Amino acid sequence: MTGKKALVVWGGMELHTPERGAQVVRDLLEAEGFAVTVTPDYDALGAEDVGSHDLVVPVITAGELAPEKMDRLIAAVRAGTGLAGYHMGLATSFRASVPFRYAASCYWVQHPGNIITYRVDVAQAEHPIMAGIESFEHTSEQYYLNYDPAVDVLATTTFSGEFHPWRKEVVMPVVFTTMHDRGRVFYSSLGHTADELAGGPVREILRRGLLWAAR
């Protein structure tokens, strides 16, 4: 047992199967010895004890959190609580919160062509999150992000221009890490629905990223 604690909060667009996705995150972390709390109550992210968690994972599309609760969450991350997300989590969560956007380090803006097959290219094969994983084809939404130049990019995708010709050959992060003060931040844009997290490199990247963010 690791003695580590994680908080997983789910909600928002049902299309993203957040409840099932939160269960996948729970399963991955419990297998590593974490004590995991899973809840649809967004206020848990701003609870007085949120900083007692080693890791916080919002599996949330959009949503709102009262400013004083958001301040508590961000303070916890800045003090060392890890923050991790996949697909809609981080990239679309709490769109209106500037402090959260700063910590999340990315913002979803488009997925040209909707569900398509695209390539995920490993950018840092030696990084522990990507070790032994080779570039692969993936069928899902190819996320176009606005992202923080401070992120450490571990995997990318290149837009073909088939759907948005003005973005042809743009190379976009798919997997990255960064720091928010003392808190580790992990993001993977893979996982449009929980079915994508069932196995293979998408699940393994998420598993390793969760552990990395939790130190």
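State log₁₀ I(q)/I(0) for segment 1-101 at q = 0.16, 0.25 Å⁻¹ as given by the Debye formula over alpha-carbon point scatterers of equal weight, solvent excluded. Summing over Cα pairs of segment 1-101 leads to -0.60, -1.45. Among the listed values (1) 15.9, 47; (2) 16.0, 51; (3) 20.8, 63, the one computed from these coordinates for Rg and Dmax of the Cα atoms in Å is (2). Its Cα gyration tensor gives segment 47-149 an equivalent ellipsoid; the semi-axes, largest first and in whole Å, are 28, 18, 11. Phi-derived couplings, Karplus 6.51 cos²θ - 1.76 cosθ + 1.60 at θ = phi - 60°, listed residue by residue for segment 146-158: 8, 9, 6, x, 7, 6, 9, 7, 9, 8, 9, 9, 10 Hz, with x used for Gly and Pro. Note down the net charge around residue 173, summing +1 for each Lys or Arg and -1 for each Asp or Glu among other residues with Cβ under 13 Å from its Cβ. Local net charge: -3.
Each value in this text was obtained by applying a stated rule to the coordinates, not by laboratory testing. It should be emphasised that the depicted structure is a prediction, and the values quoted were computed from it without experimental measurement. Cβ atoms come from the backbone with ideal geometry, glycine included; neighbour counts cover every protein chain shown.
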